[in-house]
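Visitor: Okay, handing you the structure first.
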Amino acid sequence: FDPANVGALEALEKLYSRLDRPAELLSVYERELELTNDYRERVKLLFKSAAIWEERYQNLVNADACIDAALQVDPQNVQAIKTLERLRKAQGRWDELIGVVDRHINLLSNPEEKAVLCVEMGDIFHQQLKAVDRAVVAYHQALDLDPRCRPAMHALGTLYERSGNWPFALDMLEREAQVLGQTPEAVELWYRMGKINEDMLQDLSNAKRGYLEALRIDSAYLPAIRSLKA
């Protein structure tokens, strides 16, 4: 009698929820979406639909589409962005994930939180998309935001070391060691710096400095003792 009867739709939603009939629930949500202009209500309905697609049908593509639609309705909805990030990681949609992470960064105001996401973006470029140059840019953006961001230093140090860019590798390794302070991890970094200077650059003075810094933190660190004796 009244296809736009909101009360009837709400009652059906309760009944279908109790009866555990997800297909009918999705139809009710779709009809409610057609009838409401309230953006908050639309976002709520799209989240409910996404939960059914993901949890009941394991259909991540449709769940993704629902959350993407919610984000179009409310572009600053952080919960939608985080959910979309999770869904796209699960689907391996790395190129599209980059765009979502970038939106997330732009919504944040805390530099340290932004830096964490920049590192995450760098990891996606490096590990999933094999775009090392873009990964390096993302890691440097993290350091611009938070000069003490250890994950960014570690990633850059590793990348520069693998590519044989020794001066840049040494710079990142030393910065990371300074952040780590008097820790076993810092000992290993100082020793690595000594080995790079000795083996790759034939710079015995700086090699000695690296070994001595390692021993200053841990006077019983055998690799550094052996290297100094040599």
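The values are calculated or read from the model by the stated rules, or taken from the named source; none is laboratory data. Given the structure is predicted, the values throughout are model-derived calculations rather than measurements. Neighbour counts run over all protein chains shown; Cβ positions are idealised from the backbone, glycine included. Each accessible area value is taken on the protein alone, full model and side chains, heavy atoms only, with ligands, DNA and RNA left out. Shrake-Rupley method; radii C 1.70, N 1.55, O 1.52, S 1.80 Å.
Visitor: What number comes out for accessible area per residue over the stretch 49-103 if the probe is 1.4 Å? Units Å², please.
Guide: Per residue, the stretch 49-103 has an accessible area of 50 Å².
Visitor: In what sequence, largest accessible area first, do His140, His104 appear using a 1.4 Å probe? Numbers along the way, then the final one.
Guide: Values: His140 60, His104 10 Å².
Ranking His140, His104 by accessible area, largest first, yields His140, His104.
Visitor: Quote the relative contact order of the chain in percent (integer), defining contacts as alpha-carbon pairs under 8 Å separated by 6+ residues.
Guide: 8
Visitor: Please list Asp203, Asp2, Asp133 in order of solvent-accessible area, largest first, computed with a 1.4 Å probe with all protein chains present. Don't skip to the end; give the middle numbers.
Guide: Details: Asp203 50, Asp2 85, Asp133 125 Å².
I get Asp133, Asp2, Asp203, largest accessible area first.
Visitor: Can you return the lysines within cross-link range of Lys89? Criterion is Cα-Cα under 21 Å, with same-chain partners fewer than 8 residues away left out.
Guide: Counting by Cα, and skipping residues close in sequence, Lys89 has these lysines nearby: Lys48, Lys114, Lys130.
Visitor: For Leu9 and Thr158, compute 0.36 nm times the residue count separating them, minus their Cα-Cα distance, and round to one decimal in nm. Write out the running numbers ahead of the final one.
Guide: Details: separation 149, 0.36 × 149 = 53.64 nm, distance 5.72 nm.
Here the segment from Leu9 to Thr158 would lengthen by 47.9 nm.
Visitor: Given a 1.4 Å probe and every protein chain left where it sits, what share in percent of the accessible area of the chain is carbon and sulfur?
Guide: That fraction is 51 percent.
Visitor: At a probe size of 1.4 Å, how large is the accessible area of Leu9, to the nearest 10 Å²?
Guide: That residue has around 20 Å² of solvent-accessible surface.
Visitor: For a distance above 18 Å, tell me the whole-number percent of Cα pairs in the stretch 1-150 that qualify.
Guide: 63
Visitor: While we're looking at this one, here's another question. Straight distance only, please: which lysines reach the Cα of Lys229 with their own Cα at less than 24 Å, same-chain residues fewer than 8 apart left out?
Guide: Counting by Cα, and skipping residues close in sequence, Lys229 has these lysines nearby: Lys195, Lys208.
Visitor: For a distance above 17 Å, tell me the whole-number percent of Cα pairs in the stretch 151-230 that qualify.
Guide: 39
Visitor: How high is the FRET efficiency between Gln128 and Gln58 when r is their beta carbon distance and R₀ equals 30 Å, given to the nearest 0.05?
Guide: Working: r = 22 Å, r/R0 = 0.74.
The value I calculate is 0.85.
Visitor: Given a cut-off of under 8 Å on Cα pairs at least six residues apart, what relative contact order in percent is computed for the stretch 113-204?
Guide: Value for the stretch 113-204: 18 percent.
Visitor: When only C-alpha pairs under 8 Å and at least 6 residues apart count, what is the relative contact order of the stretch 1-132, in percent? Display every interim value, and only then the final one.
Guide: Numbers: 104 pairs, mean separation 17.7, N = 132.
It rounds to 13 percent for the stretch 1-132.
Visitor: Which of these, Asn197, Asn77, Asn37, has the largest mean-square fluctuation under a Gaussian network model of the chain (Cα springs below 10 Å)?
Guide: Asn37
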